[in-house]
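Encoded as structure tokens, the structure appears first; notes follow it.
Just so it is clear, none of the values below were taken in a lab; they were calculated from the coordinates. Note that the coordinates shown come from a computational prediction; the quantities given were computed from them, not determined experimentally. Backbone-built Cβ (ideal geometry, glycine too); neighbour counts: all protein chains shown.
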Ligand code: FES
Ligand SMILES: [Fe+2]
């Protein structure tokens, strides 16, 4: 459990909060590129860590992220005209650009009288792998964008989507760092998946290692045939976890406010893009506004017959299953009321890493994984995998290969590798 003070420290991310200050030192997702696809197209609202922002691709093709409310008298720029390399407010025509400069104040007789003094809220953006990342921190502390594997490969080999989560970001993030739940929440009762080690051996042993990006999280399970199933995930400061899913996926939990967040699923394809399956099947579970069709408001469309015969939850899809348990904890869970066990050691490590960084920044210490020099900018070793090895073998060998950015020998095919679509129908992944 956590003290209420530490729970607040970890979960409150608005302007002026300690975690808010920490998160604002990193590049974090603001929206998907596809939401602002068109130069001069419609802006999109971006509520982010308690701030009201709008993103837009200006007429020159540059993506801006600026305060939603016009610097003149606060009308929403979401409704504005995207023209002349800025957003023009509907009320009195002020034109604000992606740098927060007011370019025009057409209702004013002297064009320079006000606009020289006004600097609107504006944050730098960086677009990669279908995501518009933003940096909301102090200008003089802006880090380099980390060179991850997904920044080094063509966009054709990545896929991305996002979904609206009705809970604090940490509830979602903890689910990603919690290997034990896979054997229950995502368990299928019939078909080929039912026999997988992940579902039949239920008491993972945890280990973790501190890294220059966050933590490697290792869970090992003894399989029915007395081998060792090793699952490695990477917690990446401050709100990402890389997991071995269908492919390798980064799941990123971005606070909207203290009781809602976006989950971004960013996948990396190993094979040729043409052979890879699209993420679009995951979108079957989402509406056009990225809200889940099965959600808290309709009890996740739980089917009790399905629960008896098909899977543990009676719900289709990992996203639905994950969302059910993390959202049903409440909008912002009070961790002074929990009872932790051995199966929670992964999330304890993540909380401690975050708490140390939050408190360290308050004390004036630079957080981990802030990249300031090109020479240090190589994070292609951030990865995830699952592999079954001899029981007597040392699972640390797996980490050696990952750290060396090598394929891990004996890595199993993706657990939901599913050329005929059968498993997809079972799991909805
Ligand atoms: S409120 Fe936007 S121009 Fe007046
Ligand atoms: Fe899950």
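The ranking of 242, 262 by Cβ neighbour count inside 10 Å, starting from the fewest, reads 262, 242. Tell me the angle of helix 318-327 to the major Cα principal axis of the chain, expressed in degrees between 0 and 90 and rounded to the nearest ten. Value to nearest ten degrees: 70.
Determine, from the Cβ-Cβ distance of residue 359 and residue 210 and an R0 of 22 Å, the FRET efficiency 1/(1 + (r/R0)^6), rounded to the nearest 0.05.
The calculated FRET efficiency here is 0.85.
This ranking places 234, 33, 60 by how few other beta-carbon atoms lie within 10 Å of each, fewest first, which gives 60, 33, 234.
Maximal additional length on extending the residue 152-residue 403 stretch stands at 88.7 nm, based on 0.36 nm per residue less the C-alpha distance. Look at 282, 62, 304, 221 and count the other Cβ atoms within 10 Å of each Cβ; fewest to most, that gives 304, 62, 282, 221. Across region 58-135, the convex hull enclosing all Cα atoms gives 84 Å³ per residue. Estimated from the Cβ-Cβ distance and a Förster radius of 45 angstrom, the FRET efficiency linking residue 107 and residue 373 is about 0.45.
Could you tell me the ratio Rg/Rh of region 149-427? Both radii from Cα atoms, Rh via Kirkwood. Before the final figure, lay out the partial values.
On the way: Rg = 18.5 Å, Rh = 19.6 Å.
Reported Rg/Rh (Cα atoms, Kirkwood Rh): 0.94.
Once Rh is set to the Kirkwood radius over Cα pairs, what Stokes-Einstein translational diffusion coefficient, in µm²/s, holds for region 345-388 at a temperature of 4 °C and a viscosity of 1.567 mPa s? Provide the component values of the computation, followed by the final result.
Numbers: Rh = 12.9 Å.
Result for D is 100 µm²/s.
A convex hull fitted around the alpha carbon atoms of region 72-181 yields 184 Å³ per residue.
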